[in-house]
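These notes concern the structure reproduced below.
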Amino acid sequence: MEMKCFGCGCLKDTESLEYNTQNDDLVKDVPIEPLFVLCAESRIEGVGWKHVVVCHACFAALELDMWISSDCWKSINPVVNFRDLPEHTEDSCGKDNPEEYAHIK
Ligand SMILES: [Zn+2]
Ligand SMILES: [Zn+2]
């Protein structure tokens, strides 16, 4: 399925695996999925946690610890605003299939 990175907006085919060239900690000699799903903590009043879907380059730019914050998300000037990201729930936490969020514009 083709969908965009919520950070830079680049289009990725979720079935076409990629070598990670951004981070030495991630395996380089085996191709991995082009998009990652992350949890994002809201620091905006009245807005809950969200999920972000990012490409390898945006993942590296976010300098992720265990999760990211809405401030961190804003820092990469993303194409999808924090408020428009898909809701993070107890149920969705840990699900890592980006296609679940392919409807987000
Ligand atoms: Zn990206
Ligand atoms: Zn979570």
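Throughout, read-outs are computed from the coordinates displayed, never taken from laboratory work. Because the structure is predicted, anything quoted here is derived from the model rather than measured. Don't worry about glycine lacking a Cβ; one is built from the backbone with ideal geometry, like all the others, and counts go over all protein chains shown.
Take every DSSP beta bridge whose two residues both sit in the chain; close to 85 percent of them are antiparallel. Counting every alpha-carbon pair across the chain, the share separated by more than 19 Å comes to 39%. Helical content alone sets the calculated 222 nm signal of the chain at -3000 deg cm²/dmol, taking -39,500 (n - 2.57) per DSSP H segment of four or more residues and averaging over every residue. Over the chain, Cα pairs under 8 Å with separation of 6+ residues give a relative contact order of 29 percent. Taking the fewest neighbouring Cβ atoms within 10 Å as the starting point, the ordered list for 53, 30 is 30, 53. Pairs spanning more than 18 Å between alpha-carbon atoms, out of 28/74; 50/95; 12/50: 28/74; 12/50. Rounded to a whole number of µm²/s, how large is the Stokes-Einstein D of region 43-105 at 25 °C and 0.890 mPa s, given Rh as the Kirkwood radius over C-alpha pairs? Rounded to a whole number, D works out at 198 µm²/s. Think of each Lys and Arg Cβ as +1 and each Asp and Glu Cβ as -1; about the Cα centre, that makes the dipole of region 2-96 roughly 340 debye.
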